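Here the structure comes first, spelled out in structure tokens, and everything after it is commentary.
The values are calculated or read from the model by the stated rules, or taken from the named source; none is laboratory data. These numbers come from a predicted model, not from an experiment. When we count neighbours, we look across all protein chains shown, and the Cβ atoms used for this are built from the backbone with ideal geometry, even at glycine. Quick note on the areas: whole protein, heavy atoms, side chains included, nothing else; ligands and nucleic acids left out. Shrake-Rupley method; radii C 1.70, N 1.55, O 1.52, S 1.80 Å.
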Amino acid sequence: MSRTRTGGVALLAATLLAPLTACGATGGSDAKEITVYSADGLKSQDGSGFYDRVFRDFEKKTGIKVKYVEGGSGEVVQRLARERSNTRADVVVTLPPFVQQADGKGLLETYRPKGSEKVADSDKDPSGKWTSVVNNYFCFIYNMKELTTPPKTWNDLLDDRFEGRLQYSTPGVAGDGTAVLVKAMHDLGGKDAAMEYLKKLQRNNVGPSSSTGQLAPRTDKGELLVANGDVQMNFANMATMPHQGIFFPAAADGKKPGTFALPYAAGLVKGAPHADNARRFLDYLLSEGVQRQVSSVAGGFAARTDVTATDRNAKALADIMKGTEIFRPDWADINRNLTSYVDAWKAATGS
């Protein structure tokens, strides 16, 4: 069940330096292959992850081999943009607001996979450029050995005991790091209030991290007491990292803990060298059989509303989410103003 995001950035960087053949660029449009660029979190190091199973089963079913490139949510979109004149990827999977960013840059082709009609309107692009394939939620994690209870509010994170033992991934680079800004702005009353808070929090913050997944093992070991994450990744890690617990900070005392959906969203890359194969893969990701594996294998939430999971993981996930208020960010605004939000964060924190 281990689905760490450690090494994702290194893998992407290594692939960036590799020759074009590393991504299958030499294969013709009729080659039995596709290349998937994806945010980290769904593939495991031991071969037991959601992607591991999906890729194997898809190849067995269709004969189409999946080549995989992993990185931070923003990094995969940046790479697509750099390769616009020599497109190598066929499918991209990334988190909001980076999937909206990819669309805004003209990097996605319209395609509505079979099964996407069963995905909620809020979890797909109305023009058909992308659709969620695994639903997920932003969270924080804490070390349960050293903290008997998690921090309840944002203000609790300012406590001296967290100095040098709190860390969150880098906004604008990591999807979960960007989510820290989204939740802080929502909970604390807008951009200015959020930046003022994050300036204070910087005293406790270890420093930047381009990979959220690197924070989970450090929290489990007790090197960190608190870090950011997402429910799917951190829940899936619990079997191998039993000392990490999931929590959702409330805006203030007396308020309910809150979070928001942070789904893995997939789209067909514009100019994809193996577009027909990519369409078949997107159809497969949203097939009922694969969607039923989202909780049992990935530790996430099915994107299709007609799939109701009843496995052990699904029940445990429901318990984690119980009592938590879900809000819906204005992703169009966040995408439009992301650069200014990240710049404000850099100015506030000195990062």
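Close amide H pairs (under 5 Å, H built 1.01 Å from N) link VAL173 with THR178, residues at least 5 positions away or on another chain.
Classify the chain: rounded, prolate or oblate, from the alpha-carbon gyration tensor (a ≥ b ≥ c, eigenvalue square roots; a/c under 1.5 rounded; otherwise prolate if a/b is larger than b/c)? Write down the numbers at each step before the final one.
Numbers: a/c = 1.69, a/b = 1.48, b/c = 1.14.
Prolate, because a/c is 1.5 or more and a/b exceeds b/c.
Full-extension gain between ASP311 and LYS255, please, as 0.36 nm times their residue separation minus the C-alpha to C-alpha distance.
17.0 nm
To the nearest 0.05, how large is the calculated FRET efficiency for LYS105 and ASP330 if R₀ is 22 Å and r is the Cβ-Cβ distance? Present the calculation step by step, with values, prior to reporting the outcome.
Details: r = 19 Å, r/R0 = 0.88.
The pair LYS105/ASP330 has a calculated efficiency of 0.70.
Please report, as a whole percent, how much of the solvent-accessible surface of the chain comes from carbon and sulfur atoms (probe radius 1.4 Å). Result for the chain: 49 percent of the exposed heavy-atom area is carbon or sulfur. Please report the net charge: other residues with Cβ closer than 13 Å to the Cβ of GLN100, K and R +1, D and E -1. With Lys, Arg at +1 and Asp, Glu at -1, the neighbours total -1.
Antiparallel versus total DSSP beta bridges in the chain: what percent is that, nearest 5? Write down the numbers at each step before the final one.
Details: 24 of 41 bridges.
That works out to approximately 60 percent antiparallel.
Computed from phi, the 3J(HN,Hα) profile of segment 182-198 under the Karplus parametrisation 6.51, -1.76, 1.60 (θ = phi - 60°) reads 4, 5, 4, 5, 5, 6, 9, x, x, 4, 4, 5, 5, 5, 5, 5, 5 Hz, with x in place of Gly and Pro. Going by the alpha-carbon gyration tensor, a ≥ b ≥ c the square roots of its eigenvalues, is segment 141-262 rounded (a/c under 1.5) or, if a/c is not under 1.5, prolate (a/b greater than b/c) versus oblate? Rounded, because the longest to shortest axis ratio a/c is under 1.5. Taking amide H positions as modeled 1.01 Å from N, with prolines and chain starts lacking one, the residues under 5 Å from ASP40 and 5 or more places away or on another chain are GLY71, SER73. For LYS105, the lysines whose Cα falls under 23 Å of its own Cα, not counting residues fewer than eight places away in the same chain, are LYS124, LYS129, LYS270. One chain, two ends: ASN86 and SER122. Fully extended at 0.36 nm per residue, the span grows by 9.7 nm beyond their Cα-Cα distance.
Keeping all protein chains in place, calculate the accessible area per residue for segment 99-177 (probe 1.4 angstrom), answer in Å².
Values: 3290 Å² over 79 residues.
Per residue, segment 99-177 has an accessible area of 42 Å².
The slack in the chain from MET144 to ASP160, taken as 0.36 nm per residue of separation less the alpha-carbon distance, amounts to 4.0 nm.
Under a point-charge model restricted to the Cβ atoms of Lys and Arg (+1) and Asp and Glu (-1), what is the dipole moment magnitude of segment 278-351 relative to its Cα centre, in debye to the nearest 20?
Details: 10 positive and 9 negative charges, 39 e Å.
With only Lys, Arg, Asp and Glu charged at Cβ, the dipole is about 180 debye.
Counting other Cβ atoms within 10 Å, keep those with at most 16, restrict to DSSP loop, and tell me which trypsin sites (Lys or Arg not before Pro) in segment 163-233 are left. Could the numbers behind the result be given before it?
Details: sites: ARG165, LYS183, LYS191, LYS199, LYS200, ARG203, ARG218, LYS221; in loops: ARG165, ARG203.
Loop-located and lightly packed - ARG203.
Kindly identify segment 264-344 as rounded, prolate or oblate by the Cα gyration tensor criterion: order the square roots of the eigenvalues as a ≥ b ≥ c, call it rounded if a/c is under 1.5, otherwise compare a/b with b/c, prolate if a/b is larger, else oblate. In terms of gyration-tensor shape, oblate.
Mean sequence separation of contacting Cα pairs (under 8 Å, at least six apart), scaled by the length of the chain, corresponds to a relative contact order of 26 percent. Sparse packing (at most 15 other Cβ atoms within 10 Å of the Cβ) combined with a DSSP loop state is found for the following trypsin sites (Lys or Arg not before Pro) in segment 71-114: LYS105, LYS114. In order along segment 265-276, the Karplus-derived 3J(HN,Hα) couplings, from 6.51 cos²θ - 1.76 cosθ + 1.60 at θ = phi - 60°, round to 10, 10, x, 7, 6, 5, x, 3, x, 10, 4, 5 Hz, and Gly and Pro are given as x.
Per residue, segment 198-287 exposes 32 Å² of accessible surface when a 1.4 Å probe is rolled over the protein heavy atoms with every protein chain present.
Could you compute the longest span of the chain free of GluC sites (Glu not before Pro) located in DSSP loops and having at most 15 other Cβ atoms within 10 Å, not counting the site residues? Provide the component values of the computation, followed by the final result.
Working: sites that count: GLU146, GLU163, GLU223.
Here the longest run is 1-145.
Taking amide H positions as modeled 1.01 Å from N, with prolines and chain starts lacking one, the residues under 5 Å from GLU33 and 5 or more places away or on another chain are LYS65.
For PRO329, what is the net charge nearby, where nearby means another residue's Cβ is under 12 Å from its Cβ and Lys, Arg count +1, Asp, Glu -1? Can you show the working numbers first?
Working: positive: LYS183, ARG328; negative: ASP187, ASP330, ASP333.
Cβ neighbours under 12 Å give a net charge of -1.
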